[in-house]
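The values are calculated or read from the model by the stated rules, or taken from the named source; none is laboratory data. Keep in mind the model is a prediction, meaning the values are calculated, not measured. Here the Cβ is made from the backbone with ideal geometry for all residues, glycine too, and neighbour counts use every protein chain on show. These accessible areas exclude ligands, DNA and RNA; they are computed on the full protein's heavy atoms, side chains included. Shrake-Rupley method; radii C 1.70, N 1.55, O 1.52, S 1.80 Å.
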Amino acid sequence: MKVLSNPQVELLGMNEAELSALMAELGEKPFRARQLFDAIYRRRLTSFAAMTDLPVRLREQLAAHATVTRTRIKNIFTSSDGTRRFLLELGDGREVEAVFMPEARRDTICISSQVGCPLACDFCMTGVLGLKRNMTAGEIVSQIIVALNEVYGEGALPVKETGITKVGRDIAGREKVRESRDERHPLNVVMMGMGEPLLNYDAVMRAVRLFADEKGLTIPPRRVTLSTAGIVPRIDELAKETLRPRLAISLTAANDELRDRLFPINRKYPLAELMAACRRFPLTERERLTFEYVMLDQVNDSDRDARALVRLLNGIRAKVNLIPHNPAPELPYRATPLSRIMAFQKILTDAGVLSFIRRPRGQDIAAACGQLAARHEATA
Ligand code: SAH
């Protein structure tokens, strides 16, 4: 029997059909698979002992031969802004990081897709590590399970404190409130942690489908953003998926000369090809492609760079996130001063390009974009 010859098979990452096959192998009734799926993904239970709706005999059998996540929290670093960086240990002892950012109207979790990263971008700490290995779908999902369990308690659904959300003031200065129909506090997932998600395509897409399952985590694909440094053939592959996350492109340079230097992958897929893939990417009605532009002091932040960016994005329904560079001692760049970022943004705005200046989160605990390198200390 396959199951028994493979001790400690990992159930996290399996879909309902695979759990059904497993139950059949064990001679169990099909509805046990539904119960297991519910326990793993909706209730986020991480031990069989807690699955009290399963018969004791089955729980014992599962405990002997299977696991429901080997991912362990090794350390949690909490920032003064509430951001929490999770240092996670995978089943084989490898480490990855996930960053949880609570906000009034939603939580955001930034997750990893690979242990390390092969792309060696010149301004990113993860690139310094190199690629250790791909993560499995179960490991990708486990980051959300263990973080939510830590923040909200195992099995507890994130709920809003009240059904009323303050959404700002109207022109007359009156407070506007919105009554929420959804009692759950929404969770956004960004694949902007360690790794290049499009170089671990199958596991990432399997994870996205598991997130979306309404019998489980119920994180719809429109709340999931996949960020890529520009793996062109995989962008085209993603375009064909019926269920796909939102797409973000880490651009950061508007000409090939600079982009070749910052992103070695640009030599393989230069800007013309990348932008062509963006132009043919099918967007839904109100969807925009996100372009991340990390602001590097005196490297890519001149007025001329801003105008080149405007030209590059011509004809694309785009949104630009201007990210102040998060420094690290190992990285040869400084952050652009805010006044310069604002001048840069004004050129985009005047040309009709939508953009946002991102506030760095968790910088004091090395949790900000590009700082993830599985550090054991709070800061370098
Ligand atoms: N490989 C993917 C996802 C990981 S990087 C990608 O390249 O998109 C996630 C985001 O962090 C990217 O937009 C990247 O450009 C940005 N980033 C990397 N290093 C950074 C740094 N030091 N400061 C600010 N942002 C950085």
* To do: Kindly indicate whether any position in the stretch 340-347 is within 13 Å of the ligand (Cβ to nearest atom) and under 17 Å from Ala98 (Cβ atoms).
  => no
* To do: Considering each residue of the stretch 304-352, count those that are surrounded by fewer than 20 Cβ atoms within 10 Å (Cβ to Cβ) and among the β-branched types (Val, Ile, Thr), and give that number.
  => 4
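Could you count how many residues in the stretch 214-238 are assigned to a loop (DSSP other than H, G, I, E, B) and open to solvent by 40 Å² or more (accessible area, probe 1.4 Å)?
Result for the stretch 214-238: 3.
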* When you look at Ile144, is it surrounded by 23 or more Cβ atoms within 10 Å (Cβ to Cβ) and closer than 23 Å to Arg361 by Cβ, yes or no? -> no
* Asked: Does Asn266 qualify as being out of contact with any Pro (no Cβ under 7 Å at 6 or more places or on another chain), touching a residue at least 24 places away in the same chain (Cβ under 8 Å) and not in a helix (DSSP H, G or I)?
  -> no
* Asked: Restricting attention to the stretch 103-136, and to residues there that are modelled with pLDDT of 95 or more, open to solvent by 10 Å² or more (accessible area, probe 1.4 Å) and outside any loop (DSSP other than H, G, I, E, B), which single residue is nearest to the ligand (Cβ to nearest atom)?
  -> Cys110
* **Qualifying residue in the stretch 82-99 (condition: assigned to a strand (DSSP E or B), more than 18 Å from the chain's Cα centre (by Cα) and either within 16 Å of the ligand (Cβ to nearest atom) or closer than 16 Å to Tyr152 by Cα (or both))** => no
* **Which listed residue, of Val208, Val190, Val204, is among the aliphatic types (A, V, I, L, M), at pLDDT 95 or above, surrounded by 21 or more Cβ atoms within 10 Å (Cβ to Cβ) and not in a helix (DSSP H, G or I)** => Val190
* To do: Hey, can you tell me all the residues within the stretch 261-317 that are over 22 Å from Pro118 (Cα atoms), over 24 Å from the mean Cα position of the chain (by Cα) and basic (Lys, Arg)?
  => Arg304, Arg307, Arg311
* Structure fact -> Result of the Cβ filter at 7 Å on the stretch 196-222, keeping first residues that are among the basic types (Lys, Arg) and partners that are open to solvent by 20 Å² or more (accessible area, probe 1.4 Å) and more than 15 Å from the ligand (Cβ to nearest atom), at least 6 apart or interchain, is Arg209/Leu243; Lys215/Asp38; Lys215/Arg42
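With Glu257, Glu241 as the choices, which residue is within 20 Å of the chain's Cα centre (by Cα), open to solvent by 10 Å² or more (accessible area, probe 1.4 Å) and either under 26 Å from Ile316 (Cα atoms) or among the hydrophobic types (A, V, I, L, M, F, W, C) (or both)?
On inspection, the qualifying residue turns out to be Glu241.
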* To do: Pairs only if they're at least six apart or on different chains, beta carbon under 7 angstrom, first in the stretch 324-353 and without any contact (Cβ under 8 Å) to a residue 40 or more places away in the chain and within 11 Å of Leu296 (Cα to Cα), second open to solvent by 90 Å² or more (accessible area, probe 1.4 Å) and assigned to a loop (DSSP other than H, G, I, E, B); list them, first residue then second.
  => Pro327/Arg334
* Would you call Leu283 assigned to a loop (DSSP other than H, G, I, E, B) and under 29 Å from Ile76 (Cβ atoms)? -> no
* Based on what the data block shows, is Asn300 within 30 Å of Ile76 (Cα to Cα), within 12 Å of the ligand (Cβ to nearest atom), open to solvent by less than 70 Å² (accessible area, probe 1.4 Å) and out of contact with any Lys or Arg (no Cβ under 6 Å at 6 or more places or on another chain)? -> no
* To do: Quick one: Arg32 ticks every box in (1) of a type in the set (Lys, Arg); (2) open to solvent by less than 70 Å² (accessible area, probe 1.4 Å); (3) part of a strand (DSSP E or B) except a single one, so which number is it?
  => (3)
* To do: Please tell me if Gly13 is in contact with a strand residue (DSSP E or B) (Cβ under 7 Å, 6 or more places away or on another chain) and closer than 29 Å to Gln371 by Cα.
  => no
* Structure fact -> Across the stretch 239-259, the tally of residues that are in a helix (DSSP H, G or I) and either touching a residue at least 40 places away in the same chain (Cβ under 8 Å) or within 15 Å of the ligand (Cβ to nearest atom) (or both) stands at 3
* Of all the residues that make up the stretch 57-93, how many are open to solvent by 40 Å² or more (accessible area, probe 1.4 Å), within 16 Å of Met194 (Cβ to Cβ) and touching a Lys or Arg at 6+ places or on another chain (Cβ under 6 Å)? -> 1
